[in-house]
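The values are calculated or read from the model by the stated rules, or taken from the named source; none is laboratory data. The structure presented is a predicted model; accordingly, all values stated were derived computationally and were not measured. Cβ placement follows ideal geometry from the backbone for every residue including glycine, while neighbour counts extend to all protein chains displayed. In case anyone asks, the SASA skips ligands and DNA or RNA and just uses the protein heavy atoms, side chains included. Shrake-Rupley method; radii C 1.70, N 1.55, O 1.52, S 1.80 Å.
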Amino acid sequence: MKLSFGIKTVPVDTTFDELAEIWQEADGIPAIEHAWLWDHFLPLRGPVETPIHEGWTMLSALAARTRRLRLGLMVTGNMTRPPAVLAKMAATVDEISHGRLVLGLGAGATRQQGDTLGPREFGAYGLPLVSPGEGVARLAESCEIIRRLWREDHFDFDGRHYQLRDAVLRPKPATAPPLLIGGWGDRTLGVVAEHADVWNVPGPPHNTLDFLADRSKALDERCAATGRSVVRSTQLFVDYADPAATRRTIGDLVAIGFSHFVLNILRPAPDHVARWVAEEIIEPLQTAQ
């Protein structure tokens, strides 16, 4: 099983120049194959006044500053942009990057008991917060709309949640970008099995190995029904003080079928952090394969 490694940088309390420096360094390191931002309008911790950049705008700028890395948002919240608008944005970033985009997409924040972050963020930006069931149903419709806009010339769409009339998208991507879907609930896994090329779920410490193995098995069952195969992807934090611990965790994840790894770079980080990640985490694992 070929392993794939990337980095994720959070555009909070930082500048474009700082992010570009990391991404451009990573772009010159073959061991790092992909790079990611996130899709939030407010920081997830700390004061809400902390500066945070919009993900897709930042992604387009970083796409223009790099030449090799696959790139995307992990993951775009489906409720933050209408799917046809998102398809247009993604097609534009794919052209800027010369075909390197991976479209990361998830249901996004929904009404969850005890959650305060989703309502705070969505309320601040006037976004609707829907039930989990509606969120997944909208995600499924969005996947169909986006794929069709990338491949078809003109069509109508009459969904429960979205309606399009004589939809058209030009220019289209030369090749439809891969679709990565994040999430782990049973209904979301059904959407993954039908539409995704890559499935992403947070790794330890957010989710245990047993939980990830269970969710991967559940996805296997749904993929058997659709006749499709989906790459398993996870993201985890880098332990700067103990890179061997991070390598062991990745080894455990490989043992349960994961092959696509996104290493979250947190601040403060070592100097030339992309090179550090490659030398301390990725290259020793590649050598051991």
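What distance in nm lies between label points placed 7 Å from Cα along the C-beta direction at A61 and M1?
The modelled label-to-label distance comes out at 3.8 nm.
Using a 1.4 Å probe, how large is the accessible area of D115, given in Å² and rounded to the nearest 10?
50
Please get the size of the charge dipole for the stretch 1-101, origin at its Cα centre, with Cβ charges of +1 on Lys and Arg and -1 on Asp and Glu, quoted in debye to the nearest 20.
The calculated dipole for the stretch 1-101 is roughly 440 debye.
Given the whole protein assembly as supplied and a 1.4 Å probe, what does the accessible area of M1 come to in Å², nearest 10?
The value for M1 is about 120 Å².
Considering the convex hull of the alpha carbon atoms of the chain, report its projected area averaged over all viewing directions, in nm², one decimal.
The orientation-averaged projected area of the Cα hull of the chain comes to 15.0 nm².
With charges only on Cβ, +1 for K and R and -1 for D and E, what is the dipole size of the stretch 174-289 about its Cα centre, in debye, rounded to 20?
The dipole of the stretch 174-289 has a size of about 240 debye.
Once fully extended, how much extra length lies between D153 and D210, figured as 0.36 nm per residue of separation less the alpha-carbon to alpha-carbon distance?
16.1 nm
Find how much the distance from R275 to D186 grows on full extension, using 0.36 nm per residue of separation minus their present alpha carbon separation; answer in nm with one decimal.
Gain on extension, R275 to D186, equals 28.2 nm.
Would you work out which of T92, F122, G159 lies farthest towards the positive end of the dipole of the chain? Charges go on Cβ: Lys and Arg +1, Asp and Glu -1.
Ranked along the dipole, the leading option is G159.
Dipole of the stretch 163-240 (Lys/Arg Cβ +1, Asp/Glu Cβ -1, origin at the Cα centre): which of V231, P177, L189 lies farthest to the positive side?
Value computed over the given set: P177.
Nearest 20 debye, what's the magnitude of the dipole of the chain about its Cα centre given +1 on Lys and Arg Cβ and -1 on Asp and Glu Cβ?
560
If you count only protein heavy atoms with a 1.4 Å probe, what accessible area per residue comes out for the chain, rounded to a whole Å²?
I get 46 Å² per residue for this part.
How big is the accessible area of Y125 in square angstrom, nearest 10, if you roll a 1.4 angstrom probe over the protein chains?
Its heavy atoms expose roughly 120 Å² to the probe.
Need one number: nm distance between label points at A124 and E144, each 7 Å from Cα along Cα→Cβ, rounded to one decimal.
Between A124 and E144, the simple spin-label model gives 3.5 nm.
Of G55, I146, A109, whose Cα points farthest to the positive end of the dipole of the stretch 52-161 (charges on the beta-carbon: +1 Lys, Arg; -1 Asp, Glu; origin at the Cα centre)?
With unit charges placed on the Cβ atoms, the residue in question is G55.
Once you have the Cα-Cα distance between T226 and H161, take 0.36 nm times their residue separation minus that, and quote the gain in nm to one decimal.
Stretched fully, the T226-H161 segment lengthens by 21.0 nm.
Computing the accessible area with a 1.4 Å probe over protein heavy atoms, can you report the carbon and sulfur percentage for the chain?
Heavy-atom surface of the chain belonging to carbon and sulfur, 1.4 Å probe: 52 percent.
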